[in-house]
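Reviewing the structure listed below.
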Amino acid sequence: MRYVYIALIAALAATVLLFKVQNLETATVNFLSLTFTMPVAVLVLVIYVLGMFTGGFMLQLIRSWIRGASAPRA
């Protein structure tokens, strides 16, 4: 089973590397008065990480609302 995990990690790493190599073009992002120019692969990575953080925060917020709504009132 260990070799299956190693193979899956290697396949994932190869896929990420292939994505990085094929997306070397730059993209310009304008936000408020800021302008960023970065490779597309870096932009996708940044958006992915920001999505993980905001999704995790929203999930935790909803869970706390549900706990607060189901807590007995004194």
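The values are calculated or read from the model by the stated rules, or taken from the named source; none is laboratory data. From a predicted model like this one, the values you see are computed outputs, not experimental measurements. Here Cβ is always computed from backbone atoms with ideal geometry, including for glycine, and neighbour counts include all displayed protein chains.
Listed values, structure above:
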| read-out | value |
| --- | --- |
| Number of the exception - residue 66 against (1) of a type outside the set (S, T, N, Q); (2) outside any helix (DSSP H, G or I); (3) more than 21 Å from the chain's Cα centre (by Cα) | (2) |
| Criterion violated by residue 35 - all others in (1) surrounded by 10 or more Cβ atoms within 10 Å (Cβ to Cβ); (2) modelled with pLDDT of 90 or more satisfied | (1) |
| Selection within region 18-32 - surrounded by 10 or more Cβ atoms within 10 Å (Cβ to Cβ) and modelled with pLDDT of 85 or more | 18, 26, 27, 29 |
| Checklist (1) part of a loop (DSSP other than H, G, I, E, B); (2) in contact with a helix residue (DSSP H, G or I) (Cβ under 7 Å, 6 or more places away or on another chain) applied to residue 72, failing item | (2) |
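Residue-by-condition table, conditions (1) part of a helix (DSSP H, G or I); (2) without any contact (Cβ under 8 Å) to a residue 40 or more places away in the chain; (3) hydrophobic (A, V, I, L, M, F, W, C); (4) touching a Gly at 6+ places or on another chain (Cβ under 8 Å):
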site	(1), (2), (3), (4)
5	yes, yes, no, no
11	yes, yes, yes, no
19	yes, yes, yes, no
29	no, yes, yes, no
53	yes, yes, yes, no
56	yes, yes, no, no
60	yes, yes, no, no
